[in-house]
């Protein structure tokens, strides 16, 4: 299961109720910050999440509304907070701009308050934990070297306790071995195979996070059957020409991608203050019913329905 905490849901400039783009993704003890618009440090404080475990930051692209908050965040760590290490992942061009911002504007010869690692990534997995991976994929947005991110739990065969009880398998290392796919030699001399107590394979939860993009045709397969898709919705269809000019989507285009790819849940973000939220929602719902227009500090759980 992944948990989403939207810290900023506005497009280009903040509004009275929406800050610039930032999203926290939680998985057990892990915390990931996707993009860091101006004012994100205040949003973190208001959300109550705290700074301690936000040590992995994923940057979708280098436009200022998605990275300027890194300056304030680093300043906070210089003066008020402590953290063991900060890792910032992104394309090479994105990290060049991040480097100029952090080292040229904030630090200016002062060493960072923690090991600060700028890690360039390309298409494919770049974080591998015991039960989930994070992968990057290319996204087209106004000539920038943009990336989207796939958070994917590893599939598993669930342990069936009722079968274990019927076979008289004691609690303890025997059950642990079976969960891990290993035979268990019981105290009474019997050997139980994993096949006897494990259910059918279940794929893990798939969460797709996309920042700004001007087209969706290249994204259909990566989004296929995802449990949730987080994606921008900067314009309404009445201004589709302007959306194309600036490399953004309309609410309808985002919904069409979700419907075409068989996504379970659609979360729209990067909302322009030129539109009413209800109009954005209505346009998307006409194509894809299971949609939410995210607001700052909204929290959602994403998990496989199986």
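With the range 234-306 as the region, which helices (runs of 4 or more DSSP H) entirely inside it contain at least 2 residues that are surrounded by 17 or more Cβ atoms within 10 Å (Cβ to Cβ), modelled with pLDDT of 95 or more and touching a helix residue (DSSP H, G or I) at 6+ places or on another chain (Cβ under 6 Å)? Walk me through it before giving the result.
Working: elements: 240-246, 251-261, 277-285.
Per the criteria, 251-261, 277-285.
Scan the range 206-233 for residues that are surrounded by 22 or more Cβ atoms within 10 Å (Cβ to Cβ) and farther than 23 Å from residue 66 by Cα and jot them down.
Keep residues of the range 206-233 that are surrounded by 22 or more Cβ atoms within 10 Å (Cβ to Cβ), which gives 206-213, 219, 223, 226-233.
Once the filter is applied, which keeps residues that are surrounded by 22 or more Cβ atoms within 10 Å (Cβ to Cβ) and farther than 23 Å from residue 66 by Cα, the range 206-233 yields 206, 226, 227.
Which residue, of 78, 7, 20, 73, is assigned to a loop (DSSP other than H, G, I, E, B) and in contact (Cβ under 8 Å) with a residue 12 or more places away in the chain?
On the way: 78 fails: assigned to a loop (DSSP other than H, G, I, E, B); 7 fails: assigned to a loop (DSSP other than H, G, I, E, B); 73 fails: assigned to a loop (DSSP other than H, G, I, E, B).
Criteria check complete, one pass: 20.
Say we look at the range 23-58 and pick out the residues that are under 23 Å from residue 122 (Cβ atoms) and without any contact (Cβ under 8 Å) to a residue 60 or more places away in the chain; which of these is nearest to the chain's Cα centre (by Cα)?
33
Checking the conditions here, which among 65, 84 is at pLDDT below 95 and either outside any strand (DSSP E or B) or closer than 12 Å to residue 36 by Cβ (or both)?
Details: 65 fails: at pLDDT below 95.
One residue alone meets the criteria, 84.
Would you mind stating whether residue 166 is touching a strand residue (DSSP E or B) at 6+ places or on another chain (Cβ under 8 Å) and more than 27 Å from residue 25 (Cβ to Cβ)?
On the way: touching a strand residue (DSSP E or B) at 6+ places or on another chain (Cβ under 8 Å): no; more than 27 Å from residue 25 (Cβ to Cβ): yes.
The answer is no for residue 166.
Among the numbered criteria (1) more than 17 Å from residue 137 (Cβ to Cβ); (2) under 30 Å from the mean Cα position of the chain (by Cα), which one does residue 178 miss?
Among (1) more than 17 Å from residue 137 (Cβ to Cβ); (2) under 30 Å from the mean Cα position of the chain (by Cα), residue 178 violates only (2).
Out of the residues in the range 181-192 that are under 29 Å from residue 1 (Cβ atoms) and in a loop (DSSP other than H, G, I, E, B), which is nearest to the chain's Cα centre (by Cα)?
Going through the qualifying residues, I end up with 181.
What pairs can you find where one residue is in the range 108-124 and within 23 Å of residue 81 (Cα to Cα), the other is in a loop (DSSP other than H, G, I, E, B), and their Cβ atoms are less than 6 Å apart, with a gap of 6+ or different chains?
The qualifying pairs are 114/83; 114/85; 115/85.
Determine, yes or no, whether residue 190 is within 29 Å of residue 224 (Cα to Cα) and surrounded by fewer than 14 Cβ atoms within 10 Å (Cβ to Cβ). Steps first, please.
Numbers: within 29 Å of residue 224 (Cα to Cα): no; surrounded by fewer than 14 Cβ atoms within 10 Å (Cβ to Cβ): yes.
Taking the combined requirement at face value, the residue does not satisfy it.
The values are calculated or read from the model by the stated rules, or taken from the named source; none is laboratory data. Bear in mind that the values here come from a model prediction, so they are computed numbers and not experimental data. Because the Cβ atoms are built from the backbone with ideal geometry, glycine has one as well, and the counts that use them run over all protein chains shown.
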